[in-house]
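One structure below.
Derivation of every value follows stated rules applied to the coordinates shown; laboratory data play no part. These numbers were taken from a predicted model, which means no experiment stands behind them. No Cβ is skipped: glycine too gets one built from the backbone with ideal geometry, and neighbour counts run over all protein chains shown.
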Amino acid sequence: MSELRHLINITDLSVEEIDHLIAVADDIIAHPEAYWDACAHKKLATLFFEPSTRTRLSFTAAMMELGGNVLGFDQAASSSTSKGESVSDTIVMACCYADIVAMRHPKEGAPFVGARHSTVPIINAGDGGHFHPTQTLTDLLTIHRKKGDFKGLTIGLCGDLKFGRTVHSLIEAMIRYEDIHFVMISPEELDLPSYIKEQLNKAGVDWREVSSLEEALPELDVLYMTRVQKERFFNEEDYIRLKDSFILNRAMLSTAKDDMIVMHPLPRVNEIAIDVDDDPRATYFYQALMGKYIRMALILFLLGIK
Ligand code: NCD
């Protein structure tokens with residue numbers, strides 16, 4: 001039997017393993033029919049204690065395209081959590097019925113706790129304002145396919161860097177690659193948590209903080225927009241004051257590089273005007289599609305299927 005692996009933080013995977021997943025995803029895109037039966041008779045449980053569109057649907061589509069089956073729930077209210085069941089008991093139950101679990105939870109660390117009680121691979125599909133490693137794999141596949149090498153890229157991370165779990169995981173992944181430059185664009189109140197800043201400094205990465213998107217735009221190879229995370233705010237007034245801090249529109253793109261890509265994990269609220277959607281640099285819907293392919297590669301990897 002192969003060793004039981006989970007994906008809780010993106011650093012649970014080595015750089016070589018991430019490069020392998022990207023290569024497998026590339027192969028799946030080129031030869032999807034070769035993977036149609038790869039997960040026949042295997043079951044994925046999607047345990048979503050928090051709302052999701054892309055992550056849950058792309059996990060579901062990924063397992064279906066591998067010939068496997070999917071079971072689960074899409075809100076805590078429809079699970080026994082509403083009766084008071086603990087995360088660890090829910091996971092023990094999922095292990096009775098599924099070969100692999102993707103779990104999203106509003107509490108930071110919940111998938112980590114789940115993994116300690118699990119006999120099958122647990123994938124963190126987002127835990128509170130903490131981490132979102134499979135979004136990062138999606139982002140890395142997207143950047144790889146659009147830009148080739150990661151080396152030398154200047155990446156602007158814009159919006160809610162405090163609660164935005166996708167940027168935390170993306171930073172943790174990218175600081176392990178060579179010659180990466182970051183420009184952090186956020187209101188002061190929504191800047192990066194100190195534990196992420198410490199990691200950037202420890203890794204000796206070139207990074208700086210600015211408060212103007214217009215100022216940062218001309219030098220960027222990748223602009224990664226994020227939504228202000230309403231559900232993590234303690235009071236609505238602060239959310240309303242900060243929610244429209246940055247709005248990218250098509251006119252602003254005139255100062256950006258022709259081959260810059262605009263990414264967003266989605267859902268967007270107001271931070272990218274719809275007139276950007278037709279610009280060739282808009283990459284966020286393509287990015288969502290990549291989420292399916294990289295999750296196919298990840299499911300195969302964690303199940304030990306060659
Ligand atoms: C992100 C998330 O859930 O953290 N969405 C996603 O999974 N694609 C980003 C967000 O909700 O803003």
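Net charge dipole, region 215-306: roughly 600 debye, given to the nearest 20, about the Cα centre with Cβ charges of +1 for Lys and Arg and -1 for Asp and Glu.
Where in the chain are the DSSP H helices whose C-alpha atoms run 18 Å or more along the long axis and whose mean Kyte hydropathy is at least -1.0? Membrane-span-like by this criterion, though nothing is claimed about a membrane: 15-30, 133-147, 284-302. Each of 64, 296, 174, 260 was scored by other Cβ atoms within 10 Å of its Cβ. Arranged with the fewest first, they read 64, 260, 174, 296. Segment residue 151..residue 305, full-extension length gain: 52.4 nm, with 0.36 nm per residue of separation and the alpha-carbon distance subtracted. The packing ranking of peptides 286-294, 262-270, 129-137, highest mean first, is 129-137, 286-294, 262-270, where packing means the average number of other beta carbon atoms within 10 angstrom of each residue.
Comparing 136, 60, 195 along the charge dipole axis of the chain, the residue lying farthest to the positive side is 60, per the Cβ-charge model. For region 134-288, DSSP calls about 0 percent of its internal beta bridges antiparallel. Could you let me know the centre-to-centre spacing of region 197-212 and region 117-183, using Cα atoms, in angstrom? Measuring centre to centre over Cα atoms gives 15 Å. Here's how it looks for residue 72: its modeled amide H is under 5 Å from those of 46, which are all 5 or more places away or on a different chain. The sum of -39500 (n - 2.57) across all DSSP H runs of n ≥ 4, divided by the residue count of the chain, sets its helix-only mean residue ellipticity at 222 nm to -11000 deg cm²/dmol. Considering the dipole of region 229-306 built from charges on the beta carbon (Lys and Arg +1, Asp and Glu -1) around the Cα centre, which of 280, 234, 297 is farthest to its positive end? Farthest towards the positive end: 297. So, in Å, what gap is there between the alpha-carbon centers of region 232-278 and region 27-42? About 36 Å separates the Cα centre of region 232-278 from the one of region 27-42.
By other beta-carbon atoms within 10 Å, ranking 100, 175 with the fewest at the front produces 175, 100.
Going through the cross-link list 147/292; 151/306; 162/202; 107/197, which pairs have a Cα-Cα distance over 26 Å in this structure? In this structure, 151/306 lie more than 26 Å apart at Cα.
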